[in-house]
1. Non-local amide H neighbours of ARG192 (under 5 Å, H modeled in plane, Pro and chain starts lacking H): which ones?
2. Using a 1.4 angstrom probe, figure out how much accessible area the chain has per residue, in square angstrom, rounded to the nearest whole.
3. First measure r as the distance between the Cβ atoms of GLN284 and SER240, then evaluate 1/(1 + (r/R0)^6) with R0 = 22 Å and state the FRET efficiency to the nearest 0.05.
4. Assuming a viscosity of 1.567 mPa s and a temperature of 4 °C, what translational diffusion coefficient in µm² per second does Stokes-Einstein assign to region 167-311, Rh being the Kirkwood radius over Cα pairs?
5. Take the Cβ-Cβ distance between GLN14 and SER79 as r, set R0 to 41 Å, and report the resulting FRET efficiency rounded to the nearest 0.05.
6. Report the one residue of LEU129, ALA243, SER280 whose Cα lies farthest in the direction of the positive end of the charge dipole of the chain (charges on C-beta: Lys and Arg +1, Asp and Glu -1; origin at the Cα centre).
7. Quick check: at a probe of 1.4 Å, how many percent of the accessible area of region 235-324 sits on carbon and sulfur atoms?
8. Calculate, for LYS4 and GLN123, the FRET efficiency according to 1/(1 + (r/R0)^6) with r their C-beta to C-beta distance and R0 22 Å; round to the nearest 0.05.
Amino acid sequence: MQTKYLHFNDADLQLAGKLIRDGQLVAFPTETVYGLGADAYNENAVKSTYLAKGRPSDNPLIVHIWNKSQIADVASYVSADARKVIDSLMPASLTVVLPKRKEISDCITAGLNTVAIRMPRSQQARDFLRYADRPVTAPSANISGRPSPTCWQRVAEDMDGKIAAVLCGDDCEVGIESTVLDLSGDSPVILRPGAVTPQQIQAVLGKPVNVITDPKSKVNSPGVRYKHYAPCVPMALDISGNAAKLCSYYDELVARGYRPVLLAADTQRFGGRNCCDIGSTDEQVAHALFENLRKLERQYDYIIASYTSDTPFAQSILNRLVRSAGGNVI
Ligand code: TXA
Ligand code: MG
(Lines give C-alpha, C1' and ligand atoms only; values in the text may rest on other atoms or scores of the structure.)
(Ligands and ions follow the chains in the order given, each with its own letter.)
Protein backbone atom coordinates (compact mmCIF):
# COMPACT_ATOMS: atom_id res chain seq x y z
CA MET A 1 0.00 0.00 0.00
CA GLN A 2 1.22 3.49 -0.85
CA THR A 3 0.89 5.67 2.27
CA LYS A 4 -0.29 9.24 1.56
CA TYR A 5 1.35 12.10 3.46
CA LEU A 6 -1.32 14.72 4.13
CA HIS A 7 -1.25 18.21 5.61
CA PHE A 8 -3.51 20.45 7.65
CA ASN A 9 -5.45 22.14 4.85
CA ASP A 10 -9.14 21.71 4.07
CA ALA A 11 -8.66 19.39 1.07
CA ASP A 12 -6.30 17.02 2.92
CA LEU A 13 -8.49 17.01 6.06
CA GLN A 14 -11.49 16.17 3.87
CA LEU A 15 -9.53 13.27 2.40
CA ALA A 16 -8.32 12.08 5.83
CA GLY A 17 -11.93 12.11 7.08
CA LYS A 18 -13.13 10.20 4.02
CA LEU A 19 -10.38 7.59 4.41
CA ILE A 20 -11.50 6.99 8.01
CA ARG A 21 -15.15 6.64 6.93
CA ASP A 22 -14.01 4.24 4.17
CA GLY A 23 -12.47 1.97 6.82
CA GLN A 24 -8.83 2.97 6.27
CA LEU A 25 -6.17 3.80 8.88
CA VAL A 26 -4.95 7.40 9.22
CA ALA A 27 -2.22 8.45 11.67
CA PHE A 28 -2.69 11.90 13.23
CA PRO A 29 -0.98 14.18 15.76
CA THR A 30 -2.21 14.75 19.29
CA GLU A 31 -0.46 16.76 22.01
CA THR A 32 0.73 13.53 23.68
CA VAL A 33 1.90 11.20 20.89
CA TYR A 34 0.76 10.43 17.33
CA GLY A 35 -2.28 8.14 17.14
CA LEU A 36 -3.27 5.51 14.57
CA GLY A 37 -6.89 6.32 13.80
CA ALA A 38 -9.71 4.01 12.67
CA ASP A 39 -13.50 4.33 12.51
CA ALA A 40 -14.74 3.13 15.89
CA TYR A 41 -17.98 1.95 14.21
CA ASN A 42 -16.15 -0.28 11.68
CA GLU A 43 -14.96 -3.57 13.18
CA ASN A 44 -12.72 -4.46 10.24
CA ALA A 45 -11.01 -1.07 10.40
CA VAL A 46 -10.46 -1.45 14.14
CA LYS A 47 -9.09 -4.98 13.66
CA SER A 48 -6.63 -3.74 11.03
CA THR A 49 -5.15 -1.39 13.65
CA TYR A 50 -3.98 -4.38 15.67
CA LEU A 51 -2.51 -5.91 12.55
CA ALA A 52 -0.61 -2.77 11.47
CA LYS A 53 0.93 -2.40 14.93
CA GLY A 54 1.45 -6.09 15.68
CA ARG A 55 -0.53 -5.40 18.86
CA PRO A 56 -1.92 -8.17 21.08
CA SER A 57 -5.69 -8.29 20.67
CA ASP A 58 -6.34 -8.32 24.43
CA ASN A 59 -5.05 -4.74 24.73
CA PRO A 60 -8.02 -2.38 24.30
CA LEU A 61 -8.02 0.88 22.33
CA ILE A 62 -8.88 4.45 23.31
CA VAL A 63 -11.83 6.06 21.51
CA HIS A 64 -11.07 9.67 20.53
CA ILE A 65 -13.69 12.42 20.29
CA TRP A 66 -13.61 16.14 19.55
CA ASN A 67 -16.87 17.16 21.21
CA LYS A 68 -18.13 16.26 24.69
CA SER A 69 -21.58 15.45 23.27
CA GLN A 70 -20.00 12.34 21.67
CA ILE A 71 -19.42 10.79 25.12
CA ALA A 72 -23.08 9.73 25.16
CA ASP A 73 -22.51 7.81 21.90
CA VAL A 74 -19.76 5.72 23.49
CA ALA A 75 -20.39 5.46 27.25
CA SER A 76 -23.56 4.07 28.82
CA TYR A 77 -23.21 5.86 32.14
CA VAL A 78 -21.42 8.97 33.41
CA SER A 79 -21.09 9.05 37.20
CA ALA A 80 -20.98 12.27 39.24
CA ASP A 81 -17.18 11.94 39.53
CA ALA A 82 -16.85 11.36 35.81
CA ARG A 83 -19.03 14.40 35.11
CA LYS A 84 -16.76 16.57 37.27
CA VAL A 85 -13.63 15.35 35.48
CA ILE A 86 -15.20 15.79 32.05
CA ASP A 87 -16.47 19.30 32.87
CA SER A 88 -13.30 20.56 34.56
CA LEU A 89 -10.41 18.81 32.84
CA MET A 90 -11.40 17.90 29.29
CA PRO A 91 -10.08 18.44 26.66
CA ALA A 92 -6.81 17.19 28.09
CA SER A 93 -4.05 14.61 27.94
CA LEU A 94 -6.41 12.45 29.93
CA THR A 95 -8.35 9.30 29.07
CA VAL A 96 -11.38 8.31 31.13
CA VAL A 97 -12.61 4.73 31.42
CA LEU A 98 -16.42 4.53 31.63
CA PRO A 99 -19.04 1.77 31.27
CA LYS A 100 -19.44 1.14 27.54
CA ARG A 101 -22.52 1.28 25.36
CA LYS A 102 -23.37 -2.09 23.89
CA GLU A 103 -22.84 -0.74 20.35
CA ILE A 104 -19.10 -0.38 21.12
CA SER A 105 -17.39 -3.43 19.66
CA ASP A 106 -15.49 -5.99 21.74
CA CYS A 107 -12.58 -5.46 19.33
CA ILE A 108 -12.17 -1.99 20.81
CA THR A 109 -12.55 -2.93 24.46
CA ALA A 110 -10.94 -6.39 24.28
CA GLY A 111 -14.13 -7.80 25.74
CA LEU A 112 -14.23 -5.48 28.77
CA ASN A 113 -17.52 -3.84 29.71
CA THR A 114 -15.79 -0.46 29.89
CA VAL A 115 -14.48 1.88 27.21
CA ALA A 116 -11.60 4.38 27.30
CA ILE A 117 -12.45 7.85 25.94
CA ARG A 118 -10.17 10.77 25.22
CA MET A 119 -10.77 14.28 23.93
CA PRO A 120 -7.33 15.61 22.99
CA ARG A 121 -6.28 19.15 23.77
CA SER A 122 -4.44 19.52 20.44
CA GLN A 123 -6.38 21.62 17.93
CA GLN A 124 -4.94 19.58 15.03
CA ALA A 125 -6.22 16.35 16.61
CA ARG A 126 -9.65 17.84 17.18
CA ASP A 127 -9.81 19.21 13.61
CA PHE A 128 -9.03 15.75 12.22
CA LEU A 129 -11.63 14.12 14.50
CA ARG A 130 -14.23 16.67 13.40
CA TYR A 131 -13.58 15.87 9.73
CA ALA A 132 -13.77 12.14 10.52
CA ASP A 133 -17.26 12.86 11.85
CA ARG A 134 -17.42 9.87 14.21
CA PRO A 135 -15.52 8.46 17.20
CA VAL A 136 -12.05 7.28 16.18
CA THR A 137 -10.07 4.53 17.90
CA ALA A 138 -6.37 5.30 18.17
CA PRO A 139 -3.47 3.56 19.83
CA SER A 140 -0.06 5.21 19.64
CA ALA A 141 1.09 5.00 16.00
CA ASN A 142 4.17 2.83 16.61
CA ILE A 143 4.95 -0.83 16.08
CA SER A 144 3.85 -2.52 19.31
CA GLY A 145 6.56 -2.35 21.99
CA ARG A 146 8.51 0.54 20.41
CA PRO A 147 8.80 4.09 21.76
CA SER A 148 5.70 6.07 20.76
CA PRO A 149 6.13 8.49 17.82
CA THR A 150 6.13 12.18 18.70
CA CYS A 151 6.61 13.50 15.15
CA TRP A 152 5.20 12.35 11.81
CA GLN A 153 8.60 11.18 10.56
CA ARG A 154 8.68 8.48 13.29
CA VAL A 155 5.17 7.39 12.31
CA ALA A 156 6.49 7.00 8.77
CA GLU A 157 9.40 4.93 10.09
CA ASP A 158 7.01 2.36 11.64
CA MET A 159 3.91 2.59 9.44
CA ASP A 160 4.94 3.52 5.88
CA GLY A 161 3.33 1.12 3.42
CA LYS A 162 1.01 -0.33 6.09
CA ILE A 163 -1.59 2.44 6.45
CA ALA A 164 -3.54 4.69 4.08
CA ALA A 165 -2.29 8.06 5.31
CA VAL A 166 -0.30 10.08 7.79
CA LEU A 167 -1.51 13.56 8.68
CA CYS A 168 1.75 15.46 9.02
CA GLY A 169 1.14 17.91 11.85
CA ASP A 170 3.16 19.47 14.62
CA ASP A 171 5.59 17.60 16.83
CA CYS A 172 3.80 16.46 20.00
CA GLU A 173 4.08 19.03 22.75
CA VAL A 174 3.80 16.72 25.77
CA GLY A 175 5.65 13.70 24.41
CA ILE A 176 4.28 10.95 26.68
CA GLU A 177 0.84 9.38 26.59
CA SER A 178 -2.32 10.46 28.35
CA THR A 179 -3.18 9.54 31.91
CA VAL A 180 -5.70 6.67 31.95
CA LEU A 181 -8.24 7.26 34.72
CA ASP A 182 -10.78 4.55 35.52
CA LEU A 183 -14.05 6.17 36.58
CA SER A 184 -16.22 3.11 35.97
CA GLY A 185 -16.09 1.78 39.53
CA ASP A 186 -16.82 3.05 43.02
CA SER A 187 -13.58 4.97 43.40
CA PRO A 188 -11.34 6.63 40.81
CA VAL A 189 -8.13 4.79 39.90
CA ILE A 190 -5.25 5.87 37.67
CA LEU A 191 -4.38 2.84 35.51
CA ARG A 192 -1.58 4.54 33.57
CA PRO A 193 0.22 7.65 34.83
CA GLY A 194 0.58 10.36 32.23
CA ALA A 195 0.56 14.04 31.49
CA VAL A 196 -2.27 14.86 33.90
CA THR A 197 -1.13 14.27 37.49
CA PRO A 198 -3.05 12.60 40.36
CA GLN A 199 -2.90 15.97 42.14
CA GLN A 200 -4.79 17.69 39.31
CA ILE A 201 -7.48 14.99 39.38
CA GLN A 202 -7.72 15.03 43.16
CA ALA A 203 -8.17 18.81 43.10
CA VAL A 204 -11.20 18.39 40.84
CA LEU A 205 -12.74 15.42 42.66
CA GLY A 206 -11.97 16.62 46.16
CA LYS A 207 -10.88 13.13 47.20
CA PRO A 208 -7.83 10.88 46.91
CA VAL A 209 -7.15 8.97 43.69
CA ASN A 210 -5.36 5.64 43.76
CA VAL A 211 -2.54 5.01 41.34
CA ILE A 212 -1.95 1.43 40.24
CA THR A 213 1.77 0.82 40.30
CA ASP A 214 2.04 -2.97 40.11
CA PRO A 215 2.15 -3.91 36.41
CA LYS A 216 0.79 -7.38 37.24
CA SER A 217 -2.24 -6.04 39.07
CA LYS A 218 -5.54 -7.51 37.88
CA VAL A 219 -7.30 -4.15 37.95
CA ASN A 220 -4.73 -2.76 35.62
CA SER A 221 -4.97 -1.30 32.16
CA PRO A 222 -4.37 -4.43 30.08
CA GLY A 223 -1.77 -2.66 27.94
CA VAL A 224 0.50 -1.96 30.88
CA ARG A 225 1.46 -5.65 31.05
CA TYR A 226 3.36 -5.69 27.79
CA LYS A 227 6.89 -4.72 26.83
CA HIS A 228 6.68 -1.04 25.99
CA TYR A 229 8.53 2.03 24.79
CA ALA A 230 11.68 -0.02 24.22
CA PRO A 231 14.56 1.12 22.02
CA CYS A 232 16.12 -1.67 19.92
CA VAL A 233 19.37 -1.56 21.92
CA PRO A 234 19.77 -2.51 25.61
CA MET A 235 19.04 0.22 28.11
CA ALA A 236 19.77 0.82 31.80
CA LEU A 237 18.13 3.37 34.08
CA ASP A 238 19.81 5.19 36.96
CA ILE A 239 17.75 7.16 39.46
CA SER A 240 20.61 8.34 41.69
CA GLY A 241 22.19 10.90 39.38
CA ASN A 242 25.60 9.92 40.78
CA ALA A 243 28.12 10.92 38.10
CA ALA A 244 30.92 8.66 39.38
CA LYS A 245 28.61 5.63 39.31
CA LEU A 246 27.38 6.49 35.82
CA CYS A 247 30.92 6.94 34.51
CA SER A 248 32.06 3.59 35.88
CA TYR A 249 28.98 1.82 34.49
CA TYR A 250 29.75 3.41 31.12
CA ASP A 251 33.45 2.46 31.27
CA GLU A 252 32.60 -1.16 32.09
CA LEU A 253 30.38 -1.31 29.03
CA VAL A 254 33.20 0.11 26.90
CA ALA A 255 35.55 -2.54 28.32
CA ARG A 256 33.01 -5.17 27.26
CA GLY A 257 33.08 -3.82 23.69
CA TYR A 258 29.94 -1.64 23.74
CA ARG A 259 29.54 1.85 22.35
CA PRO A 260 27.31 3.35 25.08
CA VAL A 261 25.72 6.76 25.50
CA LEU A 262 24.61 8.62 28.62
CA LEU A 263 21.15 10.21 28.40
CA ALA A 264 21.31 12.57 31.37
CA ALA A 265 21.25 16.16 32.60
CA ASP A 266 24.37 18.31 33.11
CA THR A 267 26.36 16.34 30.55
CA GLN A 268 29.58 18.27 31.24
CA ARG A 269 29.94 16.01 34.32
CA PHE A 270 30.84 13.01 32.21
CA GLY A 271 34.33 13.98 31.04
CA GLY A 272 33.91 13.71 27.28
CA ARG A 273 32.02 10.37 27.27
CA ASN A 274 29.22 10.07 24.66
CA CYS A 275 26.25 12.04 26.01
CA CYS A 276 22.81 13.30 25.12
CA ASP A 277 21.13 15.98 27.23
CA ILE A 278 17.88 14.56 28.64
CA GLY A 279 16.53 18.09 29.38
CA SER A 280 16.48 20.20 32.50
CA THR A 281 12.74 20.43 33.25
CA ASP A 282 10.23 17.56 33.44
CA GLU A 283 8.41 19.10 30.48
CA GLN A 284 11.58 19.11 28.36
CA VAL A 285 12.43 15.54 29.37
CA ALA A 286 8.94 14.24 28.48
CA HIS A 287 8.77 16.22 25.23
CA ALA A 288 12.02 14.74 23.87
CA LEU A 289 12.14 11.34 25.61
CA PHE A 290 10.84 8.97 22.92
CA GLU A 291 12.54 10.95 20.17
CA ASN A 292 15.83 10.74 22.07
CA LEU A 293 15.49 6.96 22.41
CA ARG A 294 14.76 6.57 18.70
CA LYS A 295 17.69 8.83 17.80
CA LEU A 296 20.21 7.22 20.15
CA GLU A 297 19.41 3.62 19.18
CA ARG A 298 20.71 4.48 15.69
CA GLN A 299 24.05 5.82 16.89
CA TYR A 300 24.89 3.70 19.93
CA ASP A 301 24.44 0.14 21.11
CA TYR A 302 23.69 0.77 24.82
CA ILE A 303 21.67 3.59 26.39
CA ILE A 304 22.28 4.57 30.02
CA ALA A 305 19.53 6.96 31.10
CA SER A 306 19.72 8.94 34.33
CA TYR A 307 16.72 10.78 35.75
CA THR A 308 16.26 12.02 39.29
CA SER A 309 13.26 14.33 39.45
CA ASP A 310 10.52 13.41 41.96
CA THR A 311 7.71 15.80 41.05
CA PRO A 312 4.23 14.37 40.35
CA PHE A 313 4.76 14.62 36.57
CA ALA A 314 8.19 13.00 36.95
CA GLN A 315 6.46 9.82 38.21
CA SER A 316 4.84 9.45 34.78
CA ILE A 317 8.14 10.00 33.00
CA LEU A 318 9.81 7.48 35.29
CA ASN A 319 7.08 4.94 34.50
CA ARG A 320 8.06 5.20 30.79
CA LEU A 321 11.80 5.09 31.50
CA VAL A 322 11.55 1.97 33.69
CA ARG A 323 9.59 0.19 30.97
CA SER A 324 11.91 1.39 28.19
CA ALA A 325 14.76 -0.11 30.17
CA GLY A 326 12.80 -3.36 30.61
CA GLY A 327 13.06 -2.90 34.39
CA ASN A 328 16.89 -2.73 34.26
CA VAL A 329 17.28 -0.12 37.04
CA ILE A 330 20.92 0.09 38.12
O1 TXA B 1 -2.00 9.73 24.73
C2 TXA B 1 -2.59 8.68 24.41
O3 TXA B 1 -3.37 8.11 25.19
C4 TXA B 1 -2.33 8.13 23.00
C5 TXA B 1 -2.92 9.10 21.99
C6 TXA B 1 -2.83 8.59 20.57
O7 TXA B 1 -4.23 9.40 22.34
N8 TXA B 1 -2.89 6.82 22.86
C9 TXA B 1 -2.37 5.74 23.49
O10 TXA B 1 -2.99 4.54 23.16
O11 TXA B 1 -1.44 5.80 24.27
P12 TXA B 1 -2.37 3.12 23.50
O13 TXA B 1 -3.23 2.16 22.76
O14 TXA B 1 -0.93 3.11 23.16
O15 TXA B 1 -2.64 2.94 25.02
C16 TXA B 1 -3.98 2.79 25.50
C17 TXA B 1 -3.98 2.39 26.94
C18 TXA B 1 -3.51 0.97 27.12
O19 TXA B 1 -2.73 0.88 28.30
C20 TXA B 1 -4.85 0.22 27.28
O21 TXA B 1 -4.72 -0.98 28.01
C22 TXA B 1 -5.68 1.26 28.03
O23 TXA B 1 -5.33 2.47 27.43
N24 TXA B 1 -7.12 1.00 27.88
C25 TXA B 1 -7.89 1.12 26.77
N26 TXA B 1 -9.16 0.77 27.02
C27 TXA B 1 -9.24 0.43 28.33
C28 TXA B 1 -10.28 -0.01 29.19
N29 TXA B 1 -11.53 -0.19 28.76
N30 TXA B 1 -9.97 -0.26 30.48
C31 TXA B 1 -8.71 -0.08 30.93
N32 TXA B 1 -7.68 0.33 30.17
C33 TXA B 1 -7.93 0.59 28.88
MG1 MG C 1 1.09 2.72 23.02
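1. VAL180
2. 41 Å²
3. On the way: r = 20 Å, r/R0 = 0.93.
With R0 = 22 Å, the Cβ-Cβ based efficiency is 0.60.
4. Working: Rh = 17.4 Å.
The estimated diffusion coefficient comes to 75 µm²/s.
5. Details: r = 37 Å, r/R0 = 0.91.
Taking R0 as 41 Å, the efficiency between GLN14 and SER79 is 0.65.
6. Of LEU129, ALA243, SER280, it is LEU129.
7. Values: 1850 of 3890 Å².
Ligands and nucleic acids excluded, carbon and sulfur give 48 percent.
8. On the way: r = 22 Å, r/R0 = 0.99.
E between LYS4 and GLN123, to the nearest 0.05, is 0.50.
The values are calculated or read from the model by the stated rules, or taken from the named source; none is laboratory data. Since this is a predicted model, take the numbers as computed values, not measurements. No Cβ is skipped: glycine too gets one built from the backbone with ideal geometry, and neighbour counts run over all protein chains shown. Please note that ligands, DNA and RNA were not included when accessible areas were found on the heavy atoms of the full protein model with its side chains. Shrake-Rupley method; radii C 1.70, N 1.55, O 1.52, S 1.80 Å.
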